[in-house]
Amino acid sequence: MAKINFGGVVEEVVTREEFPLDKAREVLKDETVAIIGYGVQGPGQALNLRDNGINVIIGQRKDSKTWDKAIADGWVPGVTLFEIEEAAEKGTIIQYLLSDAGQIALWPTIKKYLTPGKALYFSHGFGITYKEQTGIIPPADVDVILVAPKGSGTSLRRLFLAGKGLNSSFAIHQDATGKGRTRAIALGIGVGSGYLFETDFRKEVYSDLTGERGTLMGAIAGIFEAQYNTLRRNGHSPSEAFNETVEELTQSLMPLVAENGMDWMYANCSTTAQRGALDWKGRFRDATQPVFDELYESVASGKEAERTIKLNSQPDYRVKLEAELKTLHDSEIWQAGQAVRSLRPENQPEK
Ligand SMILES: NC(=O)c1ccc[n+]([C@@H]2O[C@H](COP(=O)([O-])OP(=O)(O)OC[C@H]3O[C@@H](n4cnc5c(N)ncnc54)[C@H](O)[C@@H]3O)[C@@H](O)[C@H]2O)c1
Ligand SMILES: CC(C)(O)[C@@H](O)C(=O)O
Ligand SMILES: [Mg+2]
Ligand SMILES: [Mg+2]
């Protein structure tokens, strides 16, 4: 493992240099990787692994839209695309990429195919960490491993095609065969990760649930709405409010942060902006800190898992979710966003 200094803390991580793709191919050459579920992570990981020369098959319900999507992506029924049980039987490594609620529902089925020496792979520590609630307890004679890409399966695929990659965490819950660790790292490289950092299942799920409820999705949407509302209440147009809240952030400032960091972005704005941002940054941190602490507590106590399992397992879950997403879609801020995006130069019809 490479020792890298992360802001003064030295961590051991796996880089693509020390564990190149050829090594991953060698480790996985006799394996059949069965990807169970073809939702968001499934396609990203499956297609990247296939393009990297790994032997991959898909397990997906036949009467589903994603079965058709898998065919459109080049998976062939009866050759590389199977019903879930058949794929689970054929796979030596079972990548369990159903939704977390789906993993609970299908567990009694999948468990039957976990014969000694196989590996069970997750991209989330959820099922194992909250085992009292999920009932997911694998047999002792299989490897239980995790690779969790830090981002959407859509980005995992897009970045791979662009010659880039998301970073991933990896973890070993059980190494029954003695090959579990190498299998996990090889799969992490195979799915197209940038570098891999080690974690455990509990830390993975705690950080992941905190991140997506926090700055990655929940907090950012909340802060956007709050600022947008303030501007609108004070007479600013939707165009002005949206540009000043979202469009400038995604189009101008975050790409600069991605390239060179927040410090560099600050250093390259006006002195007026620097003064104000430095003055207000602490206020926002202090105002949100208690919310983040409450969120982490809710994750660590299992409350978030309980709520997710309960609501995501209800028969009318999809209908209710779609109604909530429609409200978000129809809200003025995101409707204004749609109009703003349509006016981007690259979205204008060519003259
Ligand atoms: N979405 C992401 O980008 C992302 C990122 C990192 C980790 N993860 C993790 O990866 C795993 C998969 O997430 P996802 O977002 O790709 O899942 P998803 O919600 O897109 O669902 C994946 C598949 O599960 C199937 N499914 C759901 N319930 C089922 C059931 N009862 N029976 C049979 N099939 C069922 C669906 O048909 C779909 O093909 C999860 O553990 C998630 O936490 C997801
Ligand atoms: C893409 C995310 C938010 O990182 C993932 O954690 C998910 O659950 O979809
Ligand atoms: Mg998540
Ligand atoms: Mg995540």
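The residues in the stretch 203-226 that are within 15 Å of ligand 1 (Cβ to nearest atom) and more than 26 Å from Ser239 (Cα to Cα) can be counted, and the count is 11.
Every residue, every condition in (1) of a type outside the set (Phe, Trp, Tyr); (2) surrounded by 12 or more Cβ atoms within 10 Å (Cβ to Cβ); (3) in contact (Cβ under 8 Å) with a residue 60 or more places away in the chain, yes or no:
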{"site": "Gly188", "(1), (2), (3)": "yes, yes, yes"}
{"site": "Gly194", "(1), (2), (3)": "yes, yes, yes"}
{"site": "Glu204", "(1), (2), (3)": "yes, yes, yes"}
{"site": "Leu231", "(1), (2), (3)": "yes, yes, no"}
{"site": "Gly235", "(1), (2), (3)": "yes, no, no"}
{"site": "Glu248", "(1), (2), (3)": "yes, yes, no"}
{"site": "Arg283", "(1), (2), (3)": "yes, no, no"}
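For the residues Ala258, Ala300, Ala305, Ala241, the requirement of being small (Gly, Ala, Ser), in the same structural domain as Gly222 (by TED's automatic domain parsing), within 30 Å of Arg344 (Cβ to Cβ) and in contact with a helix residue (DSSP H, G or I) (Cβ under 8 Å, 6 or more places away or on another chain) singles out Ala241.
Scanning the stretch 300-330 for residues that are in contact (Cβ under 8 Å) with a residue 40 or more places away in the chain and small (Gly, Ala, Ser) yields Ala300, Gly302, Ala305, Ser313. Take the conditions (1) surrounded by 18 or more Cβ atoms within 10 Å (Cβ to Cβ); (2) away from ligand 2 (no atom under 15 Å from the Cβ); Ala226 misses just one of them, which is (1). Test Ile104 against the criterion of being surrounded by 12 or more Cβ atoms within 10 Å (Cβ to Cβ), modelled with pLDDT of 95 or more, assigned to a helix (DSSP H, G or I) and within 16 Å of ligand 3 (Cβ to nearest atom), and give yes or no. The answer is yes for Ile104.
The values are calculated or read from the model by the stated rules, or taken from the named source; none is laboratory data. Everything quoted here is computed from the prediction, not taken from an experiment. Counting neighbours? That spans all protein chains shown, and the Cβs are built from the backbone with ideal geometry, glycine included.
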